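Below: one structure, written as structure tokens.
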């Protein structure tokens, strides 16, 4: 469920007309619904109410500190993958003891920052990372709390670019090789072994890959126990999908019930890293039609709708071939036509939709790209020297600008001409 609804042919976010916000802040912009964000977080978190657990929102999915602060206020933690995301989480008021740090390429500086911040766990992904973490922890006289992210070699049945749990993926440690690494870690003076971590991918629409992975993790926990290594945390990652088009992902309650049943008899705190499932359908990207045009070929006429949002603003369609529903902000009940919805970037790959049936639109019309909350703004860039867009959060009948639109001056901030003027 989300709070983007049409009232008398006009799109609203909660109680605010989308067009009214567009007139105030300009286009393009990302528009988030606080009610939807809150509802989705609580629906996911409460589904696991029967067991000890910690819901750590995946910051990479949507990293605005206003939204991270909302989740922190709801009792959430943060799953981070960089020093920058750690900074954001702390700035947003997330309790460091609710922060877990994943990622295959943590630098020495990032490890030091996280140790000094006293986060809950490091999800270590290689033997060399473990050695570096021991060295950094020793240098500042602390103990590093560690889980090892294991790779269970499970097919998540999702897009290849967002699959992370197969042996051919760069993530984690082969689960069959993990035991030796745990034994090594137990002998290190500044390493405190705390848990096991596993994350197999994103936008999963089946429960079975999660259960298969969890069973393999449980087997590892049993082998560790036989070596006298107790585990306090099991981090099952995130990855539950959402509906963009015709997908039918499991409801959080169905997902939670299956996980909790499989965990019966296991005495450890469950850590979860939801991202897309919470924010994906909680935001839209609002864009304005700049031009309509037709290119006549030998055997067809190709129609284009050129908008002011582009692949730098929403990369998913160009990067993954991802589908996003696109609807007019004002439904004029016009005749429908098949068009490509494209942006102004100098790339043929710059599109938001291809061969999409859409009511006929005109210059100045507003379109809403739906389900844009996950990996929307967080993946945006300044390609073609385009300022990144504004972000707006609606709360009932009011709204707040939670990120100002970048200016042309901000594009060259930090750049200099050698020996010349700035």
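Here is how the numbers come out for the structure above:
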| quantity | calculated |
| --- | --- |
| Set 192, 185: member being modelled with pLDDT of 95 or more, under 21 Å from residue 217 (Cβ atoms) and touching a helix residue (DSSP H, G or I) at 6+ places or on another chain (Cβ under 7 Å) | 185 |
| Per-region count, the range 178-211, residues surrounded by fewer than 19 Cβ atoms within 10 Å (Cβ to Cβ) and more than 20 Å from residue 145 (Cα to Cα) | 5 |
| The lone exception for residue 87 - which of (1) assigned to a helix (DSSP H, G or I); (2) within 16 Å of the chain's Cα centre (by Cα); (3) under 28 Å from residue 111 (Cβ atoms) it fails | (2) |
| Among residues of the range 380-413, those that are touching a residue at least 24 places away in the same chain (Cβ under 8 Å) and in a helix (DSSP H, G or I), counted | 4 |
| Of residues in the range 212-239 being surrounded by 22 or more Cβ atoms within 10 Å (Cβ to Cβ) and free of Cβ contacts under 8 Å to residues at least 40 places away in the same chain, the one nearest to residue 267 (Cα to Cα) | 234 |
| Filter pass, residue 286 being more than 13 Å from residue 354 (Cβ to Cβ) and in a loop (DSSP other than H, G, I, E, B) | no |
| Some residue of the range 293-308 being under 13 Å from residue 376 (Cα atoms), touching a strand residue (DSSP E or B) at 6+ places or on another chain (Cβ under 9 Å) and assigned to a strand (DSSP E or B) | no |
| Test set (1) within 23 Å of residue 238 (Cα to Cα); (2) surrounded by fewer than 22 Cβ atoms within 10 Å (Cβ to Cβ); (3) touching a strand residue (DSSP E or B) at 6+ places or on another chain (Cβ under 7 Å) - residue 129 fails condition number | (3) |
| Helices (runs of 4 or more DSSP H) completely within the range 169-263 that count 2 or more residues being in the same structural domain as residue 42 (by TED's automatic domain parsing) and over 30 Å from residue 39 (Cβ atoms) | 178-186, 208-226 |
| Subset tally (residues that are touching a strand residue (DSSP E or B) at 6+ places or on another chain (Cβ under 9 Å) and surrounded by fewer than 17 Cβ atoms within 10 Å (Cβ to Cβ)) for the range 396-413 | 8 |
| Among residues of the range 132-142, those that are exposed (fewer than 15 other Cβ atoms within 10 Å of the Cβ) and assigned to a helix (DSSP H, G or I), counted | 3 |
| Test result for residue 351, closer than 21 Å to residue 203 by Cβ, surrounded by 15 or more Cβ atoms within 10 Å (Cβ to Cβ) and without any contact (Cβ under 8 Å) to a residue 60 or more places away in the chain | yes |
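The values are calculated or read from the model by the stated rules, or taken from the named source; none is laboratory data. In this text, all values refer to a predicted model and were calculated from it rather than measured experimentally. All Cβ positions, glycine included, derive from the backbone under ideal geometry; neighbour counts span all protein chains shown.
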